[in-house]
Structure formats: structure tokens, C-alpha cells
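Colleague: Structure provided below as C-alpha cells; questions to follow.
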Amino acid sequence: MNDRLVFGHMHEDHSAELSHVSRLPVNRALVIASGGDLAFALAGAGVDVLAVDSNPAQINLVKQKMADPDNALTLCFGGKVDRVLRLGGPGMAWLMDWPRLRPGRFRTFLTNTMEAFLGGTVTLLHGRAAGRKLDRASVRLLRNRLEESLRRPGAVANPLLQVLLGNRFGTEVPAVWSASGIAQWETARDRIELRSADIGKVLAESEPGAFGLISVSNLADTMDDAAWDVLAGLAAQALGPGGYLIARSMLRETLVSKNDLLFKQENLATEDASPLCPVVWIGRRL
């Protein structure tokens with residue numbers, strides 16, 4: 001791994017995408033490659049996947065996992081974000097006084113102080129655009145989401161939450177990285193096409209109706225409303241009628257676009273285990 005690699009795995013629960021597989025009008029999906037989790041899970045479910053990422057290091061990571069499934073799990077913690085959480089996660093758990101979640105005044109003071117530096121950390125990991133988006137409202141949203149995740153009955157068994165606390169995946173691993181999950185997608189590797197490219201450009205160049213599912217992860221966090229509007233419009237063109245556009249956000253609670261009129265917005269049918277980057281928008285193409 002090198003320092004261009006940001007994510008060793010995806011910090012998102014892909015159950016939302018998987019829950020729509022049986023209803024896709026076209027058995028092809030366009031997703032952000034990131035650490036490969038979603039691409040592998042969809043391929044294992046019988047979907048043809050085009051996984052794109054503007055960062056070539058992420059594409060290289062997914063290729064390595066595809067080439068060596070036996071060691072795929074060990075490659076999940078080599079990114080910048082993974083290393084930061086490995087070091088800082090235990091401190092985060094201490095500051096929150098988890099699992100009691102009853103921090104004293106000293107911990108509260110330290111937590112509030114560290115939040116002031118959160119924008120710099122996000123800028124370092126995700127770039128200036130993401131750092132600029134991290135205003136007080138966004139920090140409060142992240143803190144509330146984290147506290148909610150920590151309070152859930154299954155918090156100890158949520159691997160995505162345990163990653164944030166510096167425990168790698170904890171006692172459980174995401175299904176795609178379990179022995180059975182790896183065995184499932186290992187036989188479907190030829191369903192995955194990898195491409196180092198900007199997703200907007202890929203959408204603009206795609207045939208109308210080429211995809212039944214488009215999942216853009218949390219790209220909207222680095223976009224203003226006009227840019228998200230453009231992306232949603234391009235996705236609408238590339239989706240077949242009845243196809244799904246799914247978006248997550250670390251910094252927003254909702255997404256709004258004039259191109260919403262091209263979709264019927266749906267509620268999340270499955271519980272989202274993503275602590276900080278849950279699904280905030282699901283649209284079905286009209």
C-alpha cells in the first residue's frame with residue numbers, strides 16, 4: 001500500500017444496495033470502487049458491476065484483493081483513514097466513555113476541544129472541499145450519529161462501528177469479508193470491471209438505461225447543490241426505468257435536487273449499520 005490509498009475497506013453498510021438486487025430492471029450496477037466491499041457483494045449476488053474510482057490506488061487495492069482472495073481481509077486496513085482510526089479510535093471510545101456513555105466534565109471538555117480540530121483532520125484525509133463542508137452543524141450531526149450507534153443494542157457486534165473505535169472489525173466482520181462471503185464473490189470475480197475514472201464522466205458517456213443500480217457513496221459531501229443536481233441528472237439518464245440511485249452522506253441529513261422529479265424517493269427498507277455515513281437518499285427512476 002502507499003499513501004495515496006485512503007480507504008482499505010468501505011465504512012458503509014451495503015445492505016441497502018443488496019436489498020434491491022431482485023428488483024433491478026437491468027442486471028448491471030455502477031458503484032464507487034473504494035475498498036471493493038460493495039462491488040464484491042453485488043457480484044456475489046449475481047450482478048454485473050462497473051466499479052470506478054478517481055483514485056488509481058483504490059483500483060489497485062481492489063485488483064489485489066481480486067487476485068488474492070485468501071489475503072483480502074488482511075488488505076482492509078492499509079488506507080490513511082484506517083491507520084488514523086487504528087490510532088485514534090481507542091481515544092475516541094475513552095472520550096465518549098463507551099459503553100456507559102456518561103462522560104464527565106473533563107472528557108466533555110476534551111471532546112469539544114478535539115472537535116475544533118476535526119475540520120483539519122477531514123481536510124487531510126479527504127481534501128479541502130470536504131474540510132470546508134465541516135461546519136458546526138455537520139460536527140453536531142457526526143457526534144449525534146456516533147452516539148446513536150454506540151447506544152444501539154448491537155453496537156458491540158457492529159464491525160463498522162468497531163472500526164471507528166480502533167478495534168478493526170471487532171469480533172464480527174462484514175459479511176463480504178467472512179469466509180462464506182469471500183467464497184461467494186471469489187467465483188464471481190469476472191462480473192467486476194474496474195476503471196480509474198471520474199464517475200460523472202462515466203455517467204455522461206454511458207448509454208441511456210445502461211444500469212439498474214447506481215451507488216455514489218458519499219460523493220455529495222464534496223459537492224455543492226448545483227453539482228449534486230448535475231450528478232443526479234446524469235444518473236437518471238444512465239438508469240433504466242425502475243433503476244435505483246442510492247446516495248450516502250457523512251455531512252448531510254438529506255439531499256435535494258430539482259432532478260428529484262425524475263425519481264420516486266423511497267425509504268430505507270433495511271436497517272443501516274453505517275455509523276457516520278448512512279444512506280440519506282434512495283430514488284427509483286420513473
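The values are calculated or read from the model by the stated rules, or taken from the named source; none is laboratory data. Worth saying up front: this structure is predicted, and the values here are computed from it rather than measured. Reconstructed Cβ throughout: ideal geometry from the backbone, glycine too, with neighbour counts over all protein chains shown. Heads up: the accessible areas ignore ligands, DNA and RNA and are worked out on the full protein's heavy atoms, side chains in. Shrake-Rupley method; radii C 1.70, N 1.55, O 1.52, S 1.80 Å.
Colleague: Tally Lys and Arg at +1 and Asp and Glu at -1 over the other residues with C-beta under 10 Å from the C-beta of Leu73: what net charge comes out?
Modeller: Values: positive: Lys65, Arg168; negative: Asp70.
My count for the surroundings of Leu73 gives +1.
Colleague: Pick out, in residue order, every one of the trypsin sites (Lys or Arg not before Pro) in the stretch 51-138 that is DSSP loop and has at most 13 other C-beta atoms within 10 Å; say none if there are none.
Modeller: Working: sites: Lys63, Lys65, Lys80, Arg83, Arg86, Arg100, Arg105, Arg107, Arg128, Arg132, Lys133, Arg136; in loops: Arg100.
Hits after loop and neighbour filter: Arg100.
Colleague: How large is the Rg to Rh ratio of the stretch 149-229 when both quantities use alpha carbon positions and Rh follows Kirkwood?
Modeller: Values: Rg = 17.6 Å, Rh = 16.4 Å.
That ratio equals 1.08.
Colleague: Would you work out the relative contact order for the stretch 11-90, in percent, from Cα pairs under 8 angstrom that are 6 or more residues apart?
Modeller: Values: 64 pairs, mean separation 18.5, N = 80.
Worked out over the stretch 11-90, it gives 23 percent.
Colleague: Rg and Dmax of the stretch 187-265 over Cα atoms: what are they, in angstrom?
Modeller: When restricted to the Cα atoms of the stretch 187-265, Rg and Dmax are 13.0, 41 Å.
Colleague: Thinking of the stretch 124-168 as a set of Cα atoms, what percent of all their pairs are more than 15 Å apart? Provide the component values of the computation, followed by the final result.
Modeller: Values: 554 of 990 pairs.
Cα-Cα pairs in the stretch 124-168 separated by more than 15 Å: 56 percent.
Colleague: In addition: In the stretch 189-286, what percentage of the DSSP-assigned beta bridges are antiparallel, given to the nearest 5? Kindly include the intermediate steps, with their values, before the conclusion.
Modeller: Values: 9 of 13 bridges.
Of the beta bridges lying entirely in the stretch 189-286, close to 70 percent run antiparallel.
Colleague: Let me ask you something else. Need one number: % antiparallel among DSSP beta bridges in the chain, to the nearest 5.
Modeller: Details: 9 of 26 bridges.
Of the beta bridges lying entirely in the chain, close to 35 percent run antiparallel.
Colleague: Shifting gears a bit: What percentage of the solvent-accessible surface of the stretch 1-158, computed with a 1.4 Å probe over protein heavy atoms, is contributed by carbon and sulfur atoms? Let's see the in-between values first.
Modeller: On the way: 4410 of 7850 Å².
Heavy-atom surface of the stretch 1-158 belonging to carbon and sulfur, 1.4 Å probe: 56 percent.
Colleague: Can you compute the charge dipole magnitude of the stretch 160-286 about its Cα centre, using +1 on each Lys and Arg Cβ and -1 on each Asp and Glu Cβ, nothing else charged? Give it in debye, rounded to the nearest 20. List each step's numbers first, then the result.
Modeller: Working: 11 positive and 16 negative charges, 31 e Å.
My answer is approximately 160 debye.
Colleague: Further question: With a cut-off of 8 Å between alpha carbons and a minimum separation of six or more residues, what is the relative contact order of the chain in percent? Please report the intermediate quantities before stating the final value.
Modeller: On the way: 518 pairs, mean separation 73.7, N = 286.
Dividing the mean separation by the residue count of the chain yields 26 percent.
Colleague: Please give me the summed charge of the neighbours of Pro103: other residues whose Cβ is under 12 Å from its Cβ, Lys and Arg +1, Asp and Glu -1. Can you show the working numbers first?
Modeller: Numbers: positive: Arg100, Arg102, Arg105, Arg107, Arg143; negative: Asp97, Glu147.
Around Pro103, the surrounding residues sum to +3.
Colleague: On to the next question. Which three extents, in angstrom, do the Cα atoms of the stretch 83-224 have along their principal axes, listed largest first?
Modeller: Extents along the principal axes, in whole Å: 57, 40, 24.
Colleague: Let me ask something else. What lysines could a cross-link reach from Lys65, if we take a straight Cα to Cα line under 21 Å and drop same-chain neighbours fewer than 8 places away?
Modeller: Lys80
Colleague: Let me ask another. What relative contact order, as a whole-number percentage, does the stretch 138-247 give when Cα pairs under 8 Å and 6 or more residues apart are counted?
Modeller: This gives 20 percent for the stretch 138-247.
Colleague: Sticking with this one: Stretch Asn144-Ala269 to full length: gain in nm at 0.36 nm per residue minus the Cα-Cα span?
Modeller: Numbers: separation 125, 0.36 × 125 = 45.00 nm, distance 2.19 nm.
Value of the extension gain: 42.8 nm.
Colleague: Placing unit charges on C-beta atoms (Lys and Arg positive, Asp and Glu negative, everything else neutral), compute the dipole magnitude of the stretch 81-123 about its Cα centre in debye, rounded to 20.
Modeller: Values: 6 positive and 3 negative charges, 35 e Å.
Dipole about the Cα centre, nearest 20: 160 debye.
Colleague: Further question: Using 0.36 nm per residue, how much length does the chain from Ala204 to Arg100 gain when fully extended, once their Cα-Cα distance is taken away?
Modeller: Working: separation 104, 0.36 × 104 = 37.44 nm, distance 4.92 nm.
Contour length minus Cα-Cα distance gives 32.5 nm.
Colleague: Let me ask another. Do any chymotrypsin sites (Phe, Trp or Tyr not before Pro) in the stretch 72-146 lie in a DSSP loop with no more than 14 other beta carbon atoms within 10 Å, and if so, which? If you can, show how the numbers build up before the last one.
Modeller: Values: sites: Phe77, Trp94, Phe106, Phe109, Phe117; in loops: Phe117.
Taking the stretch 72-146 and a limit of 14 other Cβ atoms within 10 Å, the loop chymotrypsin sites (Phe, Trp or Tyr not before Pro) found are Phe117.
Colleague: Whole number please: convex hull volume per residue, Cα atoms of the chain, in Å³. Walk me through the intermediate numbers first.
Modeller: Details: hull volume 33.9 nm³, N = 286.
Once divided by residue count, the hull of the chain is 118 Å³.
Colleague: Suppose every Lys and Arg Cβ carries +1 and every Asp and Glu Cβ carries -1, with no other charges. What dipole size does the chain come out with about its Cα centre, to the nearest 20 debye?
Modeller: With Lys and Arg at +1 and Asp and Glu at -1, about 800 debye.
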